[in-house]
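What follows is a short report on a single structure.
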Amino acid sequence: MDELPIIQRTYDLIKWYVPILNRLPRDHKFFLGDRIITRLYDLLEKLIQARYTKEKLIILEPLNSSLDIVRHQTRLLLDFELVKAERYEYASKLINEVGVELGGWIKQQKNR
């Protein structure tokens, strides 16, 4: 079975982002870094669960706010000067791609 594009994008985001977050200074890694990592892993788990459930919207709709929290936490990394602007821009691009896919999946489910 082929992966849904959103699941693959989320997987790729985690694969790229987690090593960066794990290298944050100690005082930020254990609060901000670990929160982002946990939220990303939860996002991936819920997307996979949604794929196999009949009532997808119950799982998918709350993920919008979860993704928005990741977006804001990522911006905090930039504001605290913990990541370079280029990395922030790339992370934002990946997060936005997941958001577009999520929005499309939600819209498709609502039109059923």
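Throughout, read-outs are computed from the coordinates displayed, never taken from laboratory work. What you see is a predicted model; the values in this text were computed from it and never measured. We place every Cβ from the backbone using ideal geometry, glycine too, and count neighbours over all the protein chains shown.
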>> Defining a contact as two alpha carbons under 8 Å apart and six or more residues distant in sequence, what relative contact order in percent does the stretch 5-110 show?
In response: 33 percent
> For the chain, what number results from the quotient of the Cα radius of gyration and 2.2 N^0.38 Å?
Replying inline: 1.09
> Restricting attention to the stretch 3-112, which GluC sites (Glu not before Pro) occupy a DSSP loop and are surrounded by at most 14 other Cβ atoms within 10 Å?
Replying inline: Glu3, Glu55, Glu81
> Given only helices, namely DSSP H runs of n ≥ 4 each adding -39500 (n - 2.57), what is the per-residue ellipticity at 222 nm of the chain, to the nearest 500 deg cm²/dmol?
Replying inline: -27000 deg cm²/dmol
> So how do 25-32, 71-78 stack up, highest first, on mean other-Cβ count within 10 Å?
Replying inline: 71-78, 25-32
> In degrees, nearest 10, range 0 to 90: what is the angle between the Cα axis of helix 56-79 and the longest Cα principal axis of the chain?
Replying inline: 20 degrees
>> Just want to confirm a number: the relative contact order over the stretch 1-61, from Cα pairs under 8 angstrom separated by 6+ residues, in percent.
In response: 31 percent
